[in-house]
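Engineer: Here it is, the structure, as structure tokens.
The values are calculated or read from the model by the stated rules, or taken from the named source; none is laboratory data. Every value quoted in this text rests on a predicted model; they were computed, and no experiment measured them. Backbone-built Cβ (ideal geometry, glycine too); neighbour counts: all protein chains shown.
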Amino acid sequence: MWKCLTQRQTSKHRRSSKCKCACKCEAVMVAFKGVWTQPFWKAVSAEFLATLIFVFLGIGSTINWSEKSNLQPADLVLIALCFGLSIATMVQCVGHLSGAHINPAVTVAMVCTRRISLSKAIFYILAQCLGAIAGAGLLYLVTPSDVAGDLGLTTINDKLSAGHGLLIEVIITFQLIFTIFASCDSKRDDVTGSIALAIGFSVTIGHLCAIKYTGSSMNPARSLGPAVIIMKWENHWVYWLGPILGAILAGALYDYIYCPDAELKTRFKDVFSKTTQQSKGKYIEVDDNKCRVDADSFLLKPGIVRIISTDEKKEKDPNSEVLSSV
């Protein structure tokens, strides 16, 4: 008897554990719905390729080819323009395939504003990081070792602290993400210029301002690529935390405060407008649709006579109750 009870309990426990495992697997499959499609992998591969080319071209402009005996200072305008025009070109090339994030900070901002799913964002960030490492590796492979230097590694100026560098990265990434959200806003009908160029100019001015401060990353993947190849990680956390904080702030401010979605505005409007009007008599809250139905029922068509009963007169008596529409 005891063995039978034990066997039953064990079988029940196995069944329940199997059900839990099946539920977990199903939840994971639902979360990653859309991942197992060809357009999704086209988008992920486009992010990888675009980030690879962007990092290769961008950090390639930072290589100083001057002789060591007569070392020339870096051309900041050249670097800024190369990064800006590279990102503009890649946005134009892969924007229709993946949205052309080419930046983990952009992807995080899109997740926070519910524009892409978390599962898609994970694959995007992985593709961007791998593309940046591949781009930096290819550049290191084709560049002579005596001129490669730090391979465009982003570093904080010796006169600044890590906190100052963090603030700089937050600000310049904020302006980049704000530009992206404003340029790509589907609710606007006054954007007539090139979105890709607007984003490219934003990257350019960020570099013109902050190259001497932090190297002007604005993109964690761009900083990750050279760091992995050169294996230098000093203050590397700044180039992840700063851009991600700036991106979240810019996306949230634009999407929830400055230019909120119509559905979101309606939701908040309904919450704040549900107040009742006090009166001497009773009151009843009704919605607009019900008011329209009641109003339409009193419209008389030609040839139709409507008889109002005494009960309806009592209901419509203004002295007895007040109808307030919300």
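Engineer: From the list 86, 98, 69, exactly one residue is surrounded by 16 or more Cβ atoms within 10 Å (Cβ to Cβ), modelled with pLDDT under 95 and hydroxyl-bearing (Ser, Thr, Tyr). Which is it?
Structural biologist: Unique residue meeting the criteria: 98.
Engineer: Kindly provide the set of residues from region 104-151 that are hydroxyl-bearing (Ser, Thr, Tyr), in a helix (DSSP H, G or I) and within 24 Å of residue 61 (Cβ to Cβ), ordered by number.
Structural biologist: 140, 145 - these are the residues of region 104-151 that are hydroxyl-bearing (Ser, Thr, Tyr), in a helix (DSSP H, G or I) and within 24 Å of residue 61 (Cβ to Cβ).
Engineer: With respect to residue 140, determine if the residue is in the same structural domain as residue 202 (by TED's automatic domain parsing) and over 13 Å from residue 55 (Cα atoms).
Structural biologist: It is false that residue 140 is in the same structural domain as residue 202 (by TED's automatic domain parsing) and over 13 Å from residue 55 (Cα atoms).
Engineer: Residue under question is residue 262, and the condition is that it be free of Cβ contacts under 8 Å to residues at least 40 places away in the same chain, over 18 Å from residue 160 (Cα atoms) and more than 17 Å from the chain's Cα centre (by Cα); does it hold?
Structural biologist: So residue 262 fails the test.
Engineer: Would you say residue 179 is under 21 Å from residue 207 (Cα atoms), buried (at least 23 other Cβ atoms within 10 Å of the Cβ), under 29 Å from the mean Cα position of the chain (by Cα) and among the hydroxyl-bearing types (Ser, Thr, Tyr)?
Structural biologist: So residue 179 fails the test.
Engineer: Another question, if that's okay. Quick check, is residue 213 in contact (Cβ under 8 Å) with a residue 40 or more places away in the chain, under 15 Å from residue 170 (Cβ atoms), in contact with a helix residue (DSSP H, G or I) (Cβ under 8 Å, 6 or more places away or on another chain) and surrounded by 19 or more Cβ atoms within 10 Å (Cβ to Cβ)?
Structural biologist: no
Engineer: Answer yes or no as to whether residue 116 is touching a Gly at 6+ places or on another chain (Cβ under 8 Å) and without any contact (Cβ under 8 Å) to a residue 40 or more places away in the chain.
Structural biologist: yes
Engineer: Going through 149, 165 one at a time, which residue ends up being surrounded by fewer than 17 Cβ atoms within 10 Å (Cβ to Cβ) and over 15 Å from the mean Cα position of the chain (by Cα)?
Structural biologist: 149
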